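Read the structure below first, then the notes.
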Amino acid sequence: MITTKPNNIDDYIAGFPKDTQKILEQIRATIKKAAPDAEETISYAIPAFTLKGQYLIYFAGYKNHIALYPAPRGYEEFKKELSVYKGGKGTVQFPLEKPMPLNLITKIVKFRIKNNLEKAAKKK
């Protein structure tokens, strides 16, 4: 695990065991594919993606799971899919010993893009 604040997502991922690195890279690639215009950054010492200056999604590696923030737990269209995963109000934990639900991650990212763009339009 990382003990110092990483400078970028590559540094962050390099601080994990090889098998976890592969999973983190899969998630990173999935987010990039779902949000090609998003920019990578480190925020709160974990990987994050921003889109048009707004935070879009964060992910983080732990000993037994990968966490994704914020998770749309309160939304009906995600209730069933997210109910099988641990997590708090705005987080979801994907266990390392199970295949990563990359389609679900894509769906969450696209949902977050739509949400962020709607919020930005309301501000104008």
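Some points to look at:
- Ordering Leu82, Ala120, Pro36 by Cα displacement along the dipole of the chain toward the positive end leaves Ala120 in first place; charges were set at the Cβ atoms of Lys, Arg (+1) and Asp, Glu (-1).
- Dipole magnitude of the chain about its Cα centre (Cβ charges: Lys, Arg +1; Asp, Glu -1), debye to nearest 20: 500 debye
- Dividing the helix sum by the residues of the chain, where each DSSP H run of 4 or more adds -39500 (n - 2.57), gives a mean residue ellipticity at 222 nm of -13500 deg cm²/dmol.
- In Å², nearest 10: area of Lys22 left accessible to a 1.4 Å probe: 150 Å²
- Solvent-accessible area of Val84 with every protein chain in place, 1.4 Å probe, in Å² to the nearest 10: 110 Å²
- Area accessible to solvent at Glu77, 1.4 Å probe radius, in Å²: 100 Å²
- Label-point gap, in nm, between Tyr62 and Glu39 - each point 7 angstrom along Cα→Cβ: 3.0 nm
- Straight Cα distances below 19 angstrom link Lys80 to the lysines Lys89, Lys98, Lys107, Lys110, with same-chain residues fewer than 8 positions distant left out.
- Per-atom-type breakdown for the chain gives carbon and sulfur 53% of the accessible area (1.4 Å probe, protein chains only).
- With the convex hull of its Cα atoms as the shape, the chain has an orientation-averaged projected area of 7.7 nm².
- Simple spin-label estimate for Asp11 and Lys32 gives 1.9 nm between the two label positions (7 Å along the Cα-to-Cβ direction from each Cα).
- For region 14-53, the dipole from Cβ point charges (+1 on Lys and Arg, -1 on Asp and Glu) about the Cα centre works out to 100 debye, to the nearest 20.
The values are calculated or read from the model by the stated rules, or taken from the named source; none is laboratory data. Remember, it's a predicted structure, so these values are computed and weren't measured experimentally. Here Cβ is always computed from backbone atoms with ideal geometry, including for glycine, and neighbour counts include all displayed protein chains. Protein only, heavy atoms only, side chains kept; ligands, DNA and RNA dropped before computing areas. Shrake-Rupley method; radii C 1.70, N 1.55, O 1.52, S 1.80 Å.
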